[in-house]
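Below is one structure; the comments refer to it alone.
The values are calculated or read from the model by the stated rules, or taken from the named source; none is laboratory data. The model shown is predicted, which means the values in this text are computed figures rather than measured ones. Every residue, glycine as well, gets a Cβ built from its backbone with ideal geometry; the counts of neighbours run over all protein chains shown. All accessible areas refer to the heavy atoms of the entire protein, side chains included, with ligands and DNA or RNA removed. Shrake-Rupley method; radii C 1.70, N 1.55, O 1.52, S 1.80 Å.
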Amino acid sequence: MSVLINSAKLNRIVRVCDSRQDARQAWQDHAEDRGSIYLASEVRLMGGISDEALEAVQMVKDVFLGARVQRFDPVETQLGE
């Protein structure tokens, strides 16, 4: 099963799939927007991240089609460094 989410933060529709099998089916059915397919496990890993980090993850998924978030360790920087 997959769910469509209209993400205001990303300004696009993303598809969240329960399983890899569902993601593969979405990949075949929606070739025009493969960068917006997420597994539910990826979404759980990214809970509470900043808007900027979420946008960075989306940019990576758009460039590296089929990439999966396996862990998320945000890098914090301080201004002036």
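Given the options A23, A8, name the one that is open to solvent by 80 Å² or more (accessible area, probe 1.4 Å) and either more than 11 Å from the chain's Cα centre (by Cα) or not hydrophobic (A, V, I, L, M, F, W, C) (or both).
Exactly one of A23, A8 is open to solvent by 80 Å² or more (accessible area, probe 1.4 Å) and either more than 11 Å from the chain's Cα centre (by Cα) or not hydrophobic (A, V, I, L, M, F, W, C) (or both), namely A8.
Here is a list of conditions, (1) under 12 Å from the mean Cα position of the chain (by Cα); (2) open to solvent by 70 Å² or more (accessible area, probe 1.4 Å), and A56 meets all of them except one; can you say which number that is?
(2)
This table checks each residue for (1) in contact (Cβ under 8 Å) with a residue 12 or more places away in the chain; (2) assigned to a loop (DSSP other than H, G, I, E, B); (3) under 13 Å from K9 (Cβ atoms).
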site: G35; (1), (2), (3): yes, no, no
site: V43; (1), (2), (3): yes, no, yes
site: G48; (1), (2), (3): no, yes, yes
site: E52; (1), (2), (3): no, no, yes
site: E55; (1), (2), (3): yes, no, yes
site: D62; (1), (2), (3): yes, no, no
site: R71; (1), (2), (3): yes, yes, no
